[in-house]
Amino acid sequence: MRAAVYRGREDVVVQDVAEPSCSYGQVKVKVEHNGICGSDLHEYYAGPIFVPTEPHPLTGQQLPLTLGHEFAGTVVEVGEGVQDISVGDHVAIEPVYRCGECPPCRSGYYNICQQIGFHGLMASGGMAEYTVVPAAMAHRLPESISPELGALVEPMSVAYHAVRLSEARDGDTAVVFGAGPIGIGAWFALRGVGVEDITIVEPSPVRRDAISTLGATDVIDPTATDPVRHVLQRTGGRGVDAAFDAAGVESSVAAGLSCLGARKRLIAVAIYEHPLTTNLLELVMREAMVQGSLCYTSDDYRAVIDLMARGHYDTTGWVTHVPIDQVVEEGFAALRAGRKMKVLVDP
């Protein structure tokens, strides 16, 4: 079968690899679409970062391996011992490997497992015609959810988890820094929990236009409008109930902290390549908080799938498709150059 194999920095090759088969407790998925994530971009241009160069303790796999952890498809084979998933089921994959034994796992927070692994980063993933996963990773999709939306359950769950950690609720106010896929996902998730007063801060005109087309009404360019002054004026000086950094730059963190109301949270949901300087006095004086957010849990998946089934998410204007043979030129390179926002690879 054809697969996009990561061999190192700026070295992804689409090649023929052996088609996998199921072992006990696994399901084999025919992949319909696989999204390129920001972490895939970091891996391609600056890695190996997450892809192990020695066997991973949970998967036993290492470089080289097939990328792809944002995907949906159809189950074509089930292994022995699988009871809740059947051949023909349409599924989205929750690609987290966890040990089940460390303190976070025992406390129910397997998304911060001390040995965490991801299918498509620590094990050969979904940027291929077929892949095999533990059955527990597969979430059945109702017929009302298209394969395209199914491939977006994973990144939208990242954003939904961040919103859940913020404790934002109906009637609150929020600001989101960054209108890439996770920022868009945060906007969808906030509206899904009843938050309508949302400011989006994004310097890219392409991204501003995309989220405005989806229905965002307060979208500003931070190079032309001071986001802190704007948010404080909009909230009558109170500051927002929740801020989200989906940009990952020092200026967005600083502005986000200054936008917060008393005892409210800035949720860090970006990938930070370098340490940032942070004015902790902003937190001290208002007893505000910075909260990290890592991936998701099955609860987030179920919530996103439910919202999708009710027609809450829209891919208009920000999702594009490329064939697997063009994954480098029309995928990684196009995303890095800002020509595209979200790319789904079609194996």
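Scanning the stretch 197-206 for residues that are of a type in the set (V, I, T) and either open to solvent by 40 Å² or more (accessible area, probe 1.4 Å) or in contact (Cβ under 8 Å) with a residue 40 or more places away in the chain (or both) gives T199, V201, V206. Against the numbered list (1) in a helix (DSSP H, G or I); (2) under 14 Å from K28 (Cβ atoms), T74 comes up short only at (1).
Condition check ((1) open to solvent by less than 20 Å² (accessible area, probe 1.4 Å); (2) closer than 28 Å to E70 by Cβ; (3) under 19 Å from the mean Cα position of the chain (by Cα)) across all residues:
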| residue | (1), (2), (3) |
| --- | --- |
| R229 | no, no, no |
| A246 | no, yes, yes |
| A254 | no, no, no |
| G261 | yes, no, no |
| I271 | no, yes, yes |
| T278 | no, no, no |
| V284 | no, no, no |
| Q291 | no, yes, yes |
| L294 | no, yes, yes |
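Each row is one residue, and each column tells you yes or no for (1) crowded, with 24+ Cβ neighbours inside 10 Å; (2) farther than 18 Å from S293 by Cα; (3) at pLDDT 95 or above; (4) of a type in the set (G, A, S).
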residue	(1), (2), (3), (4)
R169	no, no, yes, no
V175	yes, no, yes, no
I184	yes, no, yes, no
W187	yes, no, yes, no
V195	no, yes, yes, no
R208	no, yes, yes, no
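Which one of G88, G60 is farther than 13 Å from V133 by Cβ, of a type in the set (G, A, S) and in contact with a Ser or Thr (Cβ under 9 Å, 6 or more places away or on another chain)?
Numbers: G60 fails: in contact with a Ser or Thr (Cβ under 9 Å, 6 or more places away or on another chain).
Going through G88, G60 in turn, the sole match is G88.
For beta carbons closer than 6 Å, sequence separation of 6+ or different chains, a first residue in the stretch 96-114 that is touching a residue at least 40 places away in the same chain (Cβ under 8 Å) and a second that is of a type in the set (D, E, K, R), the qualifying pairs are Y110/R98.
Please verify whether Y24 is out of contact with any Leu (no Cβ under 6 Å at 6 or more places or on another chain), of a type in the set (F, W, Y) and part of a helix (DSSP H, G or I), treating the condition exactly as stated.
Values: out of contact with any Leu (no Cβ under 6 Å at 6 or more places or on another chain): yes; of a type in the set (F, W, Y): yes; part of a helix (DSSP H, G or I): no.
Here the answer is no, as Y24 does not meet what is asked.
In the stretch 92-103, how many are of a type outside the set (A, V, I, L, M, F, W, C) and open to solvent by less than 20 Å² (accessible area, probe 1.4 Å)? Walk me through it before giving the result.
We begin by selecting, within the stretch 92-103, every residue of a type outside the set (A, V, I, L, M, F, W, C); these are 94-95, 97-98, 100-101, 103.
With open to solvent by less than 20 Å² (accessible area, probe 1.4 Å) added as a condition, the list becomes 94-95.
Number satisfying all stated conditions: 2.
Of all residues in the stretch 65-85, those satisfying the criterion of being touching a Lys or Arg at 6+ places or on another chain (Cβ under 9 Å) and either farther than 30 Å from G47 by Cα or open to solvent by 10 Å² or more (accessible area, probe 1.4 Å) (or both) are T74, V75, V76, E77, V78, G79, D84, I85. Restricting the stretch 142-167 to residues that are surrounded by 24 or more Cβ atoms within 10 Å (Cβ to Cβ) and among the polar types (S, T, N, Q), the residue that is nearest to the chain's Cα centre (by Cα) is S157. Taking the criterion of being open to solvent by 50 Å² or more (accessible area, probe 1.4 Å) and farther than 20 Å from V345 by Cβ, the residues of the stretch 129-141 that qualify are A136, R140. Scanning the stretch 44-65 finds one or more residues that are in a strand (DSSP E or B) and closer than 27 Å to G100 by Cα. Taking the residues in the stretch 29-61 that are open to solvent by 20 Å² or more (accessible area, probe 1.4 Å) and in contact with a Pro (Cβ under 9 Å, 6 or more places away or on another chain) as candidates, determine which candidate is modelled with the lowest pLDDT. If we take residues in the stretch 29-61 being open to solvent by 20 Å² or more (accessible area, probe 1.4 Å) and in contact with a Pro (Cβ under 9 Å, 6 or more places away or on another chain), then G38 is modelled with the lowest pLDDT. None of R310, R336 is more than 19 Å from the chain's Cα centre (by Cα) and charged (D, E, K, R) except R310. Residue pairs whose Cβ atoms lie under 6 Å apart, sitting 6 or more positions apart in sequence or on different chains, and linking a residue in the stretch 63-82 that is at positive phi and modelled with pLDDT of 95 or more to a partner that is surrounded by fewer than 18 Cβ atoms within 10 Å (Cβ to Cβ) and not in a strand (DSSP E or B), are G81/Y24; G81/G25. In the stretch 150-166, of all residues being in contact with a strand residue (DSSP E or B) (Cβ under 7 Å, 6 or more places away or on another chain) and of a type outside the set (A, V, I, L, M, F, W, C), the one that is farthest from D346 (Cα to Cα) corresponds to S166.
The values are calculated or read from the model by the stated rules, or taken from the named source; none is laboratory data. Keep in mind the model is a prediction, meaning the values are calculated, not measured. Virtual Cβ from ideal backbone geometry, glycine too; neighbours counted across all protein chains shown. Remember, those area values only see protein heavy atoms, side chains included, never the ligands or the DNA or RNA. Shrake-Rupley method; radii C 1.70, N 1.55, O 1.52, S 1.80 Å.
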